[in-house]
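Inspection log for the structure reproduced underneath, given as structure tokens.
The values are calculated or read from the model by the stated rules, or taken from the named source; none is laboratory data. None of these values were measured; they are calculated from a predicted model. Here Cβ is always computed from backbone atoms with ideal geometry, including for glycine, and neighbour counts include all displayed protein chains. The area values use the complete protein model at the heavy-atom level, side chains included, leaving out ligands, DNA and RNA. Shrake-Rupley method; radii C 1.70, N 1.55, O 1.52, S 1.80 Å.
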Amino acid sequence: MPEDQSAYAIAQEQFDRAADVLDLEDGLRKVLREVKRELVVHFPVHMDDGSIEMFTGYRVQHNLARGPAKGGLRFHPAVTLDEVKALAMWMTWKCAVVGLPYGGAKGGVIVDPKRLSLGEQQRLVRRFATEISIVVGPESDIPAPDMGTNAQHMAWFMDTISMHRGYSVPATVTGKPLAVGGSEGRPEATGRGLTFCVLEGLEELGIQPAGSTAVVQGFGNVGSVSARLLNREAGMSILAVSDSTSAIYNGHGLDLEEVERYKATHGSFAGYPDAENIEAHEILELECTVLVPAALEGQIHHGNAERVRAKVVAEGANGPTTPEADDILAQKGVLLIPDILANAGGVTVSYFEWVQDLQAFFWEESEINQRLRHIMSRAYKQVSQAAHGRKVSMRTAAYALAVDQVARASEARGIYP
Ligand code: NAD
């Protein structure tokens, strides 16, 4: 993260750019550039050694004009309220850009889950769920996984809320295991949605995906699935991947199955035999067709944007590019597919999961993927058309479409009382 601008300041600056394009009226601007609710909780957890640790967590709701709040839960040592507010605002725009009837939210706990046993993680999730249960529920605010959380955490979350109610409430959270009301296709949804966007982008540029190349920063849920699908389904060579501890490069393309197997047994890519170890920062500067930042915020900034050599940047992570870097990439002619579009596949299938849970009627994976493709391709085309029509970047166009939707909903509802 660049030291000079917080994630929330960046989110607000991105909003301001879209509000200017829309010539948004002052009162609405004031409403939409702030978050609606911030809940901060400090809670104790019994550790395995018998001690008690205090943890701090957040749940922020940005705007509820278009429906209940939706957004992930992040477990990471660097979580801050400022970051969660930015992520909540991004969720509002993301849901609007793909046309889901939700507002935006986000949550997080300051913790490194890798340092906790499974039992400690379970107690942490259950107590955190209890603390934020005052704002969470199928009609009000529906969490999902994000960095550091997975389907098992969501199952414990759902079970905790259900224990309080006295009956099962599967629609209270998405990204659950299939056994407790999860959806087919949810684990791959973000990477799959990103792949659909990349294919649309390459088609616009007249580039054949087969034989072109991709580089992926971050090899968690979003990064690993994106790499796999860009490789297997789009026929692209994956030249380099990285995680929080190491980065590897092979100019002829990595064998992803081998790479995944190596990481699963060794915990990182370090020492992987069929590739060169490179410095973490180099991964963003490699020559390739598509660069997928799929780790943290603020990775492409004024200090390195000039050295980005990809033709397309598809933002798997939320907020990986700062506004200054946006301008530099635009001047270089890079096609940037913004986070609120590129990684919206996850929340789209989360929406399918919520609908299936509410109806207790479940769909086949092929149906999920087909509907996802339809929504992602439609959203990509709308954003691209708006970008060309308004002569603005894809990010500003996506924001303008999203902000317009939310502004119209807010206007129609009016200011209470
Ligand atoms: P994850 O915890 O599964 O994976 C994160 C990965 O990033 C890990 O491989 C980690 O080692 C790596 N990483 C962390 N710091 C790094 C660094 N400095 N350099 C390189 N790699 C680093 O998380 P995820 O769910 O894949 O989320 C990744 C990003 O995608 C986040 O910004 C998240 O908000 C966003 N996102 C996730 C989803 C989803 O459905 N999971 C949906 C939309 C957006």
Report task. Using DSSP to define loop residues, name the GluC sites (Glu not before Pro) in the range 278-319 whose beta-carbon has at most 12 other beta-carbon atoms within 10 Å. Result -> Glu279
Report summary line: Among the DSSP H helices of the chain, those whose Cα atoms extend at least 30 Å along the helix axis and whose mean Kyte-Doolittle hydropathy is 0.5 or higher are none
Requested in this report: Take the chain, connect every pair of alpha-carbon atoms lying under 10 Å apart with a spring to form a Gaussian network, then pick out the residue of Val313, Val41, Val125 with the largest mean-square fluctuation.
Outcome: Val41
Report summary line: GNM of the chain, Cα pairs under 10 angstrom: of Ser350, Ser244, Ser377, the biggest fluctuation goes to Ser244
Query raised in the report: Too long at a 21 Å Cα-Cα cut-off: which of Lys311/Lys381; Lys30/Lys85; Lys70/Lys176; Lys85/Lys263; Lys114/Lys263; Lys85/Lys311?
Result: Lys85/Lys263; Lys85/Lys311
Query - Candidates Gly104, Gly119, Gly298, ranked by Gaussian network fluctuation over the chain, Cα under 10 Å, top entry - result: Gly119
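Can you tell me, using C-alpha contacts under 8 Å and at least 6 residues apart, the relative contact order of the chain as a whole percent?
17
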**Report entry** Cα centroid separation, the range 359-417 to the range 67-125 (Å)
**Finding:** 21
Query raised in the report: If you take the square roots of the eigenvalues of the alpha-carbon gyration tensor of the range 54-139 and sort them as a ≥ b ≥ c, do you get rounded (a/c under 1.5), prolate (a/b over b/c) or oblate?
Result: prolate
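Take the chain, mark every one of the chymotrypsin sites (Phe, Trp or Tyr not before Pro) that falls in a DSSP loop and has at most 11 other Cβ within 10 Å, then report the longest stretch left between them, sites excluded. Please report the intermediate quantities before stating the final value.
Working: sites that count: Tyr167, Phe361.
Here the longest run is 168-360.
Viscosity 0.890 mPa s, temperature 25 °C: give me the Stokes-Einstein translational D for the chain in µm²/s, with Rh taken as the Kirkwood radius over C-alpha pairs.
On the way: Rh = 21.5 Å.
For the chosen part, D equals 114 µm²/s.
Any idea what the relative contact order of the range 1-153 is, in percent, if you count C-alpha pairs under 8 Å spaced at least 6 apart?
Details: 274 pairs, mean separation 40.0, N = 153.
Value for the range 1-153: 26 percent.
What ranking of Val135, Val45 comes out by heavy-atom accessible area, probe 1.4 Å, highest first?
Working: Val135 30, Val45 5 Å².
Ranking Val135, Val45 by accessible area, largest first, yields Val135, Val45.
Calculate, for the chain, the solvent-accessible area per residue in square angstrom, rolling a 1.4 angstrom probe over the heavy atoms of the protein chains. Write down the numbers at each step before the final one.
Values: 17180 Å² over 417 residues.
Heavy-atom accessible area per residue stands at 41 Å².
Counting only C-alpha contacts under 8 Å and six or more residues apart, can you give the relative contact order of the range 300-417 as a whole percent?
Working: 95 pairs, mean separation 25.2, N = 118.
It comes to 21 percent, rounded to a whole number.
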